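These notes are about the structure you will find just below.
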Amino acid sequence: MPVAFAPCLLAANWKMNMDHLQTLEFIRELSLLLPEKEAEGSGVEMAIFPPFTSLRTAQVFSASYRCPLSLGAQDVSPHPSGAFTGEVSASMLSRLGCKFVLVGHSESRKNHHETREELVGKVKNAIACRITPILCVGEKEKSVEGLEEICSQAEEVFCDLDPEERGKVIVSYEPVWAIGSSVTASPDIIRRAAGALESDLFGKFGASPKILYGGSVNERNIESLKGLGLGGFLVGRAGLNPAEFASIFRCLAGKE
Ligand code: PEP
């Protein structure tokens with residue numbers, strides 16, 4: 001059975017923030033701010049990506065508080081199981097209720113020196129366990145060469161996937177210069193990047209992945225970005241605060 005998605009995904013990458021008690025508190029507050037009924041039929045799917053140590057708490061308490069959240073992990077091993085100290089497999093994430101996993105976030109690329117083979121392994125293992133990989137791509141500097149950089153980051157993974165796997169990947173455009181900064185990419189830059197990724201991946205592989213944008217999105221700028229026709233947004237800092245996360249949700253769901 002194919003995995004079902006709402007038309008718009010609002011994903012919160014918590015990075016190395018939020019221990020299990022803070023995760024519990026976030027879910028409790030979000031469930032008061034956004035009752036399940038309000039999220040139902042909104043066309044917007046909310047997902048949080050806590051550290052591995054908070055996934056079980058998020059799984060248990062989003063169910064018991066009836067908090068309308070999907071779950072994702074921030075990384076996954078490129079191997080299915082075995083002697084890989086410190087790594088977490090896709091099947092373990094699947095048992096914790098993860099529907100999504102980030103692959104190739106710019107911080108992981110930089111800090112863990114991920115190779116192309118590892119990125120491909122992560123994507124393939126996630127898909128084999130029915131987890132949707134969100135492949136992050138982004139240019140380091142703001143420049144005209146940026147489009148080539150992001151297309152080649154996506155291509156180098158897509159070229160080793162089979163057609164069925166290609167249809168199960170989400171791509172998130174995350175310019176490195178916009179992440180964690182005070183500037184978001186302009187609507188024009190985002191439109192150009194999403195268009196370049198779409199035509200490149202369709203032209204070379206016949207793939208039409210959902211495209212997200214991430215990089216300093218918050219409750220003040222979401223209104224100017226929501227009309228871009230994207231598949232959703234990946235937020236960092238703005239996803240740590242339940243009130244701001246709920247307000248971004250309401251803007252995307254057209255409830256403000
Ligand atoms: C991110 O790290 O994926 C991100 C989008 O962070 P921020 O929103 O804080 O720029």
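Computed from the C-beta positions of GLU156 and ALA83 and an R0 of 22 Å, the FRET efficiency is 0.20 to the nearest 0.05. Normalised by 2.2 N^0.38 Å, where N counts its residues, the alpha-carbon radius of gyration of segment 151-217 equals 1.16. Protein heavy-atom accessible surface, 1.4 Å probe, per residue over the chain: 46 Å². By the Kirkwood approach, averaging reciprocal distances over each pair of separate Cα atoms, the chain gets a hydrodynamic radius of 18.2 Å.
Taking every C-alpha pair closer than 8 Å and separated by at least 6 residues, the mean separation divided by the residue count of the chain gives a relative contact order of 20 percent.
Each Lys and Arg Cβ is given +1 and each Asp and Glu Cβ -1; about its Cα centre, the chain then shows a dipole of about 580 debye.
Ordering 174-187, 196-209, 131-144 by mean Cβ neighbour count within 10 Å, with the highest value first, yields 131-144, 174-187, 196-209.
Based on Cα atoms of segment 107-256, Rg over Rh with Rh as the Kirkwood radius reads 0.96. Evaluating kT/(6 pi eta Rh) at 37 °C and 0.692 mPa s, with the Kirkwood radius of segment 110-181 over Cα pairs in the Stokes-Einstein relation, gives 254 µm² s⁻¹. Computed over the alpha carbons of segment 69-124, Rg followed by Dmax gives 11.1, 33 Å. When the charge dipole of segment 1-125 is built from unit charges on Cβ atoms (+1 for Lys and Arg, -1 for Asp and Glu) and taken about the Cα centre, the candidate among LEU69, VAL103, VAL123 whose Cα reaches farthest toward its positive end is VAL123. A Cβ-based charge dipole, computed about the Cα centre of segment 106-256 with Lys and Arg at +1 and Asp and Glu at -1, lands at about 520 debye.
Rg/Rh for segment 5-84 stands at 1.02; both radii use Cα atoms, and Rh follows the Kirkwood definition. Within the listed set LEU32, LEU161, LEU55, the residue fluctuating most in the Gaussian network model of the chain (springs between alpha-carbon atoms under 10 angstrom) is LEU32. Using only Cα coordinates, the Kirkwood hydrodynamic radius of segment 29-154 works out to 16.0 Å. Going through the cross-link list LYS15/LYS255; LYS142/LYS204; LYS204/LYS226; LYS37/LYS204; LYS110/LYS210; LYS37/LYS124, which pairs have a Cα-Cα distance over 30 Å in this structure? From the list (LYS15/LYS255; LYS142/LYS204; LYS204/LYS226; LYS37/LYS204; LYS110/LYS210; LYS37/LYS124), the Cα-Cα distance tops 30 Å for LYS37/LYS204; LYS37/LYS124. Computed from the Cβ-Cβ distance with R0 of 22 Å, the FRET efficiency linking LYS204 to SER143 stands at 0.45.
The values are calculated or read from the model by the stated rules, or taken from the named source; none is laboratory data. Predicted, not measured: the structure shown is a model, and the values here were computed from it. Cβ sites come from the backbone with ideal geometry, for glycine too, and all protein chains shown count toward neighbours. Heads up: the accessible areas ignore ligands, DNA and RNA and are worked out on the full protein's heavy atoms, side chains in. Shrake-Rupley method; radii C 1.70, N 1.55, O 1.52, S 1.80 Å.
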